[in-house]
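Asker: Handing you this structure, nothing more for now.
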Amino acid sequence: MNSVWQALTRVKPITQMLSEQNALENGSQSNSPHSIERLQRCLSAVDLTMLGVGAIIGTGIFVLTGIAALKAGPAVIISLLLAGITCIFAGLCYAELSSRIPVAGSTYTYAYASLGEFCAWVIGWDLVLEYTIGAAAVARGWSGYVAQLAHSFSITLPEWLCSSATEGSNLLAGLMIMAMTFLLGLGVKQSARVNTVIVSIKVVAILAVIFIGMWCVQPDRWLPFMPFGFQGVLTAAGMIFFAYIGFDTVSTAAEETLNPQRDLPIGIIASLSICMILYIAVAAVLTGMVSLDELNRSAPLAVAFAKRGMVWAESIVSLGAFAGLTSIVLVLLFSQPRIYFSMARDGLFFPWFAKIHPCHGTPWNATLLTGSVASLLAICFPLETLAQMVNIGTLFAFVVVCASVLILRQTPADATELAPLKTSFWFQHPVFRVFLLIACLIALVLAWRSGLLSSHFVIPLTLAGGIGYSLFRIHAHLLPTVDAHAGFNCPGLPWIPFLGIAGCIVMMTSLPVEAWIRLAVWFLIGSIIYVCYGMHHSKLNESKKLVS
Ligand code: ALA
């Protein structure tokens, strides 16, 4: 029992990760025939910002804004603001972690250094929801714009090929994913320059929506501003959160960045801020251009222009969406095999996933599996269901990232395991404190969402007082004990991670119960794989043997 606990809680020390990284860099600089290939450090802060904007702007703003506006009315602007601010809090935590641990693997790697092996595995498994299902969701949104683009050339796509982005089956989305998969497998790399061109097309399309659409806005369409109350705003926030997903891919470029400690935080925060401003402007224009019953569910921005008789503007928007969404699918399908690859390299996942194609030099097995699964999902499931799964998985990853910052600020960089769970000590353990914090926040949010805090008098006061006091006590314990490091440090500790966790939990509770059940089933499958395979094959087993 003790050894199982040790396996679950062993952490990969940051010092070990950094020295492995240095060994790779020195290996690639030497001319030794045994040197290890690694990617060149060539990305600047501007490249990273473009990469972030490229990965963020997509189906969320081009398609989901319409569905979200149907749930919140013009107050979708507030939903975008709430989701954006939560992402900025999480983004500040990502920025600290990517600056502190500038190695590949993103959230999975951060969790391995802070929360232990089992949590790292769970997060790696959870990222499948973000990347694989994310690719399926974006392809589904893409198909809606292809149909719209074809329509503007008077071509109607048959029902069996492309039923709709939001319902029925959709072969076109599945075929598009398979085409991208084969391109990636052949070794097609998105250079920073190609990415910049695609991002520019997308941003021009968004700016066109704002500046052309502005002239069609009728302010009386913004009233009533909040027709479905604050509940509608929150439901829309939980959905439109999808529009911000992607900034975290900046952190996966840690090994290719010129000055990761400075440039990664700039790239993350700048790309998020740019997108938040653009999104709020688009939502204001869209809801001022058309009334709620005129909103289209598959291609709302393009159709809004068609409704106002501007077919030429409709084509610009559809073309921008077409190019932009294609690049996101490519980035998501590119990121997923890297996570499998990192996990397989650490021994936690089957070595089959770490195999490289002998001719093309790509992780072909992992790429093909990712593409096939994403393709099937895109064919079978509607956009809304897919987006809910992506959102719940990504929100969970963000909670872990915010928690990791709190825990790492209390963990020495050379720690090899979480502190043992002694009865005299357990309540002081950083992980316990953070979990207690998360539990308190969930209790508070659930009490509020179930109406407990508003419909009674005594219960809410007792509850709020108890929770307030607990948060105050936990806050005192969450103050950092380890010195800030030389790179970027998340400001306002522990409040920023704390608010990031709270915002994510509020949005998670706004998602339907089916999304929670699917998440629980997914984690159950993941836990079984870890217990049957990862725990026994972890590379940390070997380091332990070497030490003893
Ligand atoms: N943020 C990305 C999109 O909206 C995932 O498509």
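Asker: Give me the percent of the accessible area of the stretch 206-324 that comes from carbon and sulfur atoms, probe 1.4 Å, all protein chains in place. Provide the component values of the computation, followed by the final result.
Answerer: On the way: 3020 of 4310 Å².
Carbon and sulfur together cover 70 percent of it.
Asker: Sorted by average packing, counted as other Cβ atoms within 10 angstrom per residue and highest first, what order do 289-295, 389-395, 180-186 take? Before the final figure, lay out each step's value.
Answerer: Values: 289-295: 16.1, 389-395: 26.6, 180-186: 19.0.
Those peptides, ordered most packed to least, come out 389-395, 180-186, 289-295.
Asker: What does the accessible area per residue of the stretch 42-392 come to in Å², with a 1.4 Å probe and no ligands, DNA or RNA counted? Display every interim value, and only then the final one.
Answerer: Numbers: 11370 Å² over 351 residues.
Value for the stretch 42-392: 32 Å² per residue.
Asker: PRE reach from Ile85 (point 7 Å along Cα→Cβ): which of the stretch 500-523 fall under 18 Å by backbone N?
Answerer: It comes to 500-510, nothing else.
Asker: So, one more: Which value in nm describes the separation of the simple spin-label points at Asn259 and Lys539, placed 7 Å from the Cα toward the beta carbon?
Answerer: My value for the distance between the label points is 3.0 nm.
Asker: Given a 1.4 Å probe and the protein chains all in place, what does the accessible area of Phe228 round to, in Å² to the nearest 10?
Answerer: Per-residue accessible area (Phe228): approximately 100 Å².
Asker: Dipole size in debye (nearest 20) for the stretch 42-392 around its Cα centre, Lys and Arg Cβ +1, Asp and Glu Cβ -1? All intermediate terms of the calculation are to be shown ahead of the outcome.
Answerer: Values: 14 positive and 17 negative charges, 72 e Å.
Approximately 340 debye in magnitude.
Asker: Continuing with the same structure: On a full-extension model of 0.36 nm per residue, what is the gain between Asp220 and Leu18, subtracting their alpha-carbon distance, rounded to one decimal in nm? Numbers along the way, then the final one.
Answerer: Details: separation 202, 0.36 × 202 = 72.72 nm, distance 5.74 nm.
Full-extension gain reported as 67.0 nm.
Asker: Here's a follow-up. Return the tail of the calculated pair distribution for the stretch 296-350, meaning the percent of Cα-Cα pairs more than 17 Å apart.
Answerer: 57 percent
Asker: Next question, about the same structure. Excluding same-chain pairs closer than 8 in sequence, count the lysine pairs in the stretch 42-392 whose Cα atoms lie under 24 Å apart.
Answerer: On the way: Lys71/Lys307; Lys189/Lys202; Lys189/Lys355; Lys202/Lys307.
Count of close lysine pairs: 4.
Asker: Rounded to two decimals, what is Rg over Rh for the stretch 237-278 when you use alpha-carbon atoms and the Kirkwood radius? Provide the component values of the computation, followed by the final result.
Answerer: On the way: Rg = 11.6 Å, Rh = 11.1 Å.
Over the Cα atoms of the stretch 237-278, Rg/Rh equals 1.05.
Asker: Moving to a separate point now. Limiting things to C-alpha atoms, what are the Rg and the maximum Cα-Cα separation (Dmax) for the stretch 42-392, in angstroms?
Answerer: When restricted to Cα atoms, the stretch 42-392 yields Rg and Dmax of 19.6, 62 Å.
Asker: Grab the beta carbon distance between Leu207 and Ser291, set R0 = 30 Å, and tell me the FRET efficiency rounded to 0.05. Let's see the in-between values first.
Answerer: Details: r = 24 Å, r/R0 = 0.80.
It comes out at approximately 0.80.
Asker: I would also like to ask the following. Suppose each label sits 7 Å from its Cα in the direction of the beta carbon; what would the Ser200-Lys307 distance come out to in nanometres?
Answerer: With each label placed 7 Å out from Cα toward Cβ, I get 3.3 nm.
Asker: Estimate the FRET efficiency between Val46 and Glu159 by the formula 1/(1 + (r/R0)^6), using the beta-carbon distance for r and 60 Å for R0, to the nearest 0.05. Write down the numbers at each step before the final one.
Answerer: Numbers: r = 44 Å, r/R0 = 0.74.
About 0.85, to the nearest 0.05.
Asker: Simple spin-label model, 7 Å along Cα-to-Cβ: Cys532 to Glu514 in nm?
Answerer: Computed distance between label sites Cys532 and Glu514 equals 2.8 nm.
The values are calculated or read from the model by the stated rules, or taken from the named source; none is laboratory data. Quantities reported herein were computed from a predicted structural model and do not represent experimental measurements. In this analysis, Cβ positions are derived from the backbone assuming ideal geometry, glycine residues included, and neighbour counts consider all displayed protein chains. For the accessible areas, the whole protein counts, side chains as well, though only heavy atoms, and no ligand, DNA or RNA atoms are used. Shrake-Rupley method; radii C 1.70, N 1.55, O 1.52, S 1.80 Å.
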